[in-house]
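Contents: one structure, followed by commentary.
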């Protein structure tokens, strides 16, 4: 399940829905939630705006889901990414993988968020005290 | 007509997000199309000359030798920073 949306999401409700959908087939659910930090490169972040490429972004996320399902035995997948203006501490992204066994779920969740960061067309613009700036390089993974 | 699209910092630098152009007969691939747009002025020359810029044709990432045809949607954008 893939969603790109301006509104916030409820991680608990998403995981509960996923649990219900799986009807006992999943023994493990691993999720990742990304938040807006209040500090980047030494500057206080007042606001962050997420831009995307409507159409291509959804396609890219669909490829990530499909690839994860091919590589690991998954019963369900969630990828939610927000767009538009966000404030520090806001939720940006949510990824979850459900699988019969935990290792598959861990690997799939990590793959999906790592690949999202390199392959999905989203761009962050930060508002700081000294002005607005585009985040120019992907954050270091790890 | 070819639909041109520019995103994020590139859109702001060029001052345009969407544009339709008639493809000259001698422009048949992305490399040539990018070069043709770079001739507009120094801003376009520098912005589209950045080796980190990605190009997508019909919403799929491509290399500069990818063919471009009438009716295509071609997008240029900087490295992605989502997640």
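Values in this text are rule-based calculations from the coordinates and carry no lab data. Nothing here was measured: the structure is a model prediction, and the numbers come from that model. Cβ placement follows ideal geometry from the backbone for every residue including glycine, while neighbour counts extend to all protein chains displayed.
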- Let me have the relative contact order for chain A, percent, based on Cα pairs under 8 Å that are six or more residues apart. 35
- Message: As a test of the formula, what do you get for chain A when each DSSP H run with n ≥ 4 contributes -39,500 (n - 2.57) and the sum is divided by the residue count, at 222 nm and rounded to the nearest 500 deg cm²/dmol?
- Response: -10500 deg cm²/dmol
- Among A:33, A:48, rank each residue by its count of other Cβ atoms within 10 Å, from fewest to most, as a rough exposure measure. A:33, A:48
- Between residue B:41 and residue A:90, what is the spin-label point distance in nm, taking each point 7 Å from the Cα along the Cα→C-beta axis? 3.3
- Message: Give me the mean projected area, in nm² to one decimal, of the convex hull enclosing the Cα positions of chain B.
- Response: 5.2
- For the range B:64-83 and the range A:86-141, distance of Cα centres in Å: 22
- Over chain B, relative contact order from alpha-carbon pairs under 8 Å, at least 6 apart, %: 40
- Message: For a Förster distance of 22 Å, can you work out the FRET efficiency between the beta-carbons of residue A:119 and residue A:5, rounded to the nearest 0.05?
- Response: 0.70
- Message: If you scale each eigenvalue of the Cα gyration tensor by 5 and take the root, what three semi-axes come out for the range A:3-78, rounded to whole angstrom and sorted largest first?
- Response: 28, 17, 13
- Task: Working from Cα positions, state the angle (0 to 90°, nearest 10) between the long axis of helix A:102-119 and the longest principal axis of chain A.
- Result: 30
- Task: Round to the nearest 10 and give me the degree value, 0 to 90, for the angle of helix A:11-22's Cα axis relative to the longest principal axis of chain A.
- Result: 20
- Helix A:56-71 axis, angle to chain A major axis (alpha carbon atoms, nearest 10°): 40
- Item | Neighbour-count order for A:130, B:9, B:51, fewest beta carbons within 10 angstrom listed first | B:51, A:130, B:9
- Query: Given 10 Å bins starting at zero, what is the percent of C-alpha pairs of chain A in each, up to the one with the largest pair distance?
  - Reply: 12, 40, 33, 13, 2, 0
- Sorted by Cβ density within 10 Å, fewest first, the residues B:16, A:30, B:74: B:16, A:30, B:74
- Query: DSSP beta bridges in the range B:2-77, what fraction antiparallel, as a percent rounded to 5?
  - Reply: 75
